[in-house]
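The structure appears right after this line, and notes come after that.
Bear in mind these aren't lab numbers, they're just calculated from the coordinates by the rules spelled out. Every value quoted in this text rests on a predicted model; they were computed, and no experiment measured them. Every residue, glycine among them, receives a Cβ derived from its backbone with ideal geometry; neighbour counts consider all protein chains shown.
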Amino acid sequence: MPLLTRSPIIRGDPSLLIAQDTALGWIIFGPTPAEVTLKLVTHLVTANTDEILRKFWEIEDISTSRSLTTEEKECNAHYVATTVRREDGTYQVRLPFKKGCHPLGDSKSVALKRFYQMERRLSRNSDLKRQYCAFMEEYIHLGHLQMIDLTDEPPVTNDRKYCLPHHCFMKEASTTTKLRVVFDASAKSTSGVSRNDQLMIGPVIQEELFAILTRWRIHVVPICADIKQMYRHIWMHPEDCNYQRVLWRESPSLPLKENRALTVTYGEASAPFQAVRTLHQLAQDYEVRYPAAATVLRRDVYMDDCITGESTPAQAIALQKELMHLMEEARFTLRKWSSSLSAVLETLPEELRETQLPFQFNENDSIKALGLYWNPATDEFKFTVQPMSDQTVTKRSTISQIARVFDPLGLISPVTVRGKLLMQEL
């Protein structure tokens, strides 16, 4: 310090700061008030570039067949042994527990904390709150969420129940419901164990995306549809609904209610397998009565998207009707029907169509089909790239931009390969 400090030193009142000349310039130091008000601002950014990049490189890989693991076989056997049909034709499943898993702790306290955070967020955004409440109100109105009378309920230990935190995300590409409420079965209870930690995931039994899209492009008359609320038309066994408890109220002025979700719930590790396996079971149960539709369910459905077609308009219309009849056997509804041929849609009610009649699409209008933008009027795929922002271009932002191109069929490989080469250079 003696080598740095110089004269003079400017002093004032003992409560004021002191100015000291140094070899590096003037510095200011001195006492500060004992009570300091701090304003803390936090911001969370989820960097998912690595995941996007992994999918970008893997999307064109041709997977090889593999044998099912022991757990996957057990999960399928559990489904066969415990799944039943209800009187209305719908399917009822049970949660596939792992053997010897650690018990759950208190999950309600975690869900309660998350609920209050979500409620504060909704209070700051009236439009978001309106959509959230509308989603939950529909959930209750359809009988998929049942209120629990806690005063009349017998005691249930923590390891026999689980409270699901929930939040929302916006799906701007959707033409029906923009806001989706999703449940977090991966939230840890006080024992460090979550609901998903206890569940078997099950095998992947649906066809590869590449195979489904390739078959779809072969058809002279392509058609596609969406299964409305697929998860929520598969019911959960009453004994397992205690593991799907949901906290909800429309306003902070109302009492907080505890509910049970009565159907397969988005966010649970076993839900995708249970949903797809139920479609396969439906196909198996009715393959004699609806052979063509049963084949489509097994081969041309990717999650809740049905992507298929036929050689002639008459065959496409017949397949469409057969598919709708088959799905109605289990109270599923096929909606958002679209085709490159208007005749296929003319017999459908307007509310079941994605493409309106007469065709009003121009060369820039597209709908989403398995993540790709498809123009029914021209029967063409469209690829979109968001322009780079004005921010400084970095290696990470460049890789992220390149990796967001979704091209599972490799149709624009002459373009994307240049991006891949650029990645290697970076």
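Taking packing as the residue-averaged number of other Cβ atoms within 10 angstrom, the listed peptides 274-285, 102-113 run from highest to lowest as 274-285, 102-113. Does the range 88-166 classify as rounded, prolate or oblate by the C-alpha gyration tensor (a ≥ b ≥ c root eigenvalues; a/c under 1.5 gives rounded; else a/b over b/c gives prolate, otherwise oblate)? Oblate, since a/c reaches 1.5 and b/c is not below a/b.
Basic side chains Lys and Arg get +1 at the Cβ, acidic Asp and Glu get -1 at the Cβ, and with that the dipole of the range 110-212 about its Cα centre reaches some 540 debye. Report the FRET efficiency, 1/(1 + (r/R0)^6), for V405 and R180, where r is their Cβ-Cβ distance and R0 is 25 Å, rounded to 0.05. E(calc), rounded to 0.05, equals 0.55.
Note on the range 92-236: Kirkwood radius taken over Cα pairs, Stokes-Einstein applied at 25 °C and 0.890 mPa s, translational D equal to 132 µm² s⁻¹.
Estimated from helical segments only, the mean residue ellipticity of the chain at 222 nm is -9500 deg cm²/dmol, where each DSSP H run of four or more residues counts as -39500 (n - 2.57). Peptides 258-269, 127-138 ranked from most to least packed, by the mean per-residue count of other Cβ atoms within 10 Å: 258-269, 127-138.
Going by a ≥ b ≥ c, the root eigenvalues of the Cα gyration tensor, does the range 254-380 fall in the rounded group (a/c under 1.5), the prolate group (a/b larger than b/c) or the oblate group? Oblate shape, in that a/c is at least 1.5 and b/c is the bigger or equal ratio. So who's got an amide H within less than 5 Å of the one on I18, skipping anything under 5 residues away but keeping other chains? H placed 1.01 Å off N, in plane. Under 5 Å from the amide H of I18: F29, G30.
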